[in-house]
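Each remark here refers to the structure printed beneath this line.
Each value in this text was obtained by applying a stated rule to the coordinates, not by laboratory testing. Here the structure is a predicted model, which is why all the values come from computation and not from measurement. Counting neighbours? That spans all protein chains shown, and the Cβs are built from the backbone with ideal geometry, glycine included.
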Amino acid sequence: MHLARDFERDGFAVIEGFASPRACAKARDRAEEIVEKFEPSHRTVFTTNEQERVSDDLFLSSGDRVVCFFEEEALAADGTLTVPKERSINKIGHALHDLDPVFERFSYTDELADVSTAIGLSDPLALQSMYIFKQPSIGGEVGCHQDATFLWTDPVTVVGFWFALEDATLENGCLWAAPGGHRGPLRKVFKRAPGGGTEFEELDTTPLPQPPEELVPLPVSEGTLVVLHGLLPHWSDANRSPHSRHAYSLHCISAAARYPSWNWLQRGPTMPLRPLVGPAARAGVR
């Protein structure tokens with residue numbers, strides 16, 4: 001596989017067998033433990049299709065926390081669960097890689113640092129992590145988007161490392177992407193609004209590709225790593241199958257880039273970002 005060539009040409013690269021079955025199983029088991037212990041005082045839904053509507057205080061304060069977010073279809077109109085709690089969570093975010101030992105070990109590896117170097121991100125900081133469940137029957141669609149919309153830097157440097165912790169198929173909501181789409185413009189940025197909450201600022205009116213017709217599917221087996229350029233349009237459909245599609249996503253940015261204070265994801269002063277490589281990556285911040 002020609003990692004750098006594929007990434008430069010397509011805006012994504014697929015590395016099969018990157019994570020071992022044992023590592024995938026440990027990540028799945030740990031996520032289930034987190035959900036089992038989760039006792040929500042506030043039920044926040046996560047959906048990329050109506051991001052402004054769900055940007056409450058819990059969401060905006062999750063940059064240096066570990067928080068569970070519900071699937072939209074898991075909650076009835078009165079807020080009660082329509083499915084068992086273990087099947088109700090859309091994702092866990094957004095500081096698993098720094099606050100949970102299992103996901104810390106999964107994230108800060110020499111192998112992932114080598115991938116980062118190969119694609120030209122030589123000074124990566126680990127910014128955000130998400131455990132994504134894509135629950136059977138109710139796993140929500142993730143609308144076509146560019147990661148740089150939500151994690152903007154000047155210049156754009158964000159890269160997504162998406163790990164399939166289970167087989168991702170056409171039936172259970174695998175990733176779809178627009179090959180070469182990273183060479184297009186960034187359409188909008190997602191910002192903290194001056195008066196509170198969040199807003200989108202439009203940068204370019206070029207339409208994003210229409211899913212699924214203008215995208216290609218990326219079905220992959222457990223353990224596969226998909227590397228995503230920050231400007232690459234990508235999408236995943238709702239999961240109406242009886243099978244889950246667990247995945248873990250880590251986003252990194254360049255230490256040399258400017259990360260503005262209006263980005264929705266912010267950390268407090270006691271938890272600085274850690275480099276993906278070097279001694280600081282292994283020092284631990286808890």
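Here are the numbers:
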read-out: Residues MET130, MET271 arranged by fewest to most Cβ contacts within 10 Å; value: MET271, MET130
read-out: Sequence-distant residues sharing a close amide H with VAL67 (under 5 Å, placed H); value: GLY93, HIS94, ALA95
read-out: Counted charge near PRO219, where neighbours are those whose Cβ lies closer than 10 Å (Asp, Glu -1; Lys, Arg +1); value: -2
read-out: In the chain, lysine pairs closer than 17 Å at Cα, eight or more apart or cross-chain; value: 6
read-out: Contact order relative to length of the chain, as percent, for alpha carbon pairs under 8 angstrom and 6 or more apart; value: 29 percent
read-out: Spin-label pair SER20/GLU72, simplified geometry with 7 Å Cα→Cβ offset, distance in nm; value: 4.0 nm
read-out: Average projected area [Cα convex hull, the chain], square nanometres; value: 14.3 nm²
read-out: DSSP-assigned coil residues among trypsin sites (Lys or Arg not before Pro) in region 64-107, each with at most 16 further Cβ atoms within 10 Å; value: ARG65
read-out: Rounded FRET efficiency, nearest 0.05, which uses the C-beta distance separating ASP56 from SER137 and R0 of 35 Å; value: 0.85
read-out: Candidates LEU75, LEU250, LEU232: whichever shows maximal mean-square fluctuation once the chain is modelled as a Gaussian network with Cα springs under 10 Å; value: LEU75
read-out: Cβ-based exposure ranking for TYR108, TYR248, TYR259, in which fewest neighbours within 10 Å come first; value: TYR259, TYR108, TYR248
read-out: Mean residue ellipticity (222 nm) of the chain, computed from DSSP H runs ≥ 4 via -39,500 (n - 2.57), nearest 500; value: -5000 deg cm²/dmol
read-out: Vicinal HN-Hα couplings computed from phi for region 99-104 (Karplus, 6.51 cos²θ - 1.76 cosθ + 1.60; Hz; Gly/Pro x); value: 10, 10, x, 5, 6, 4
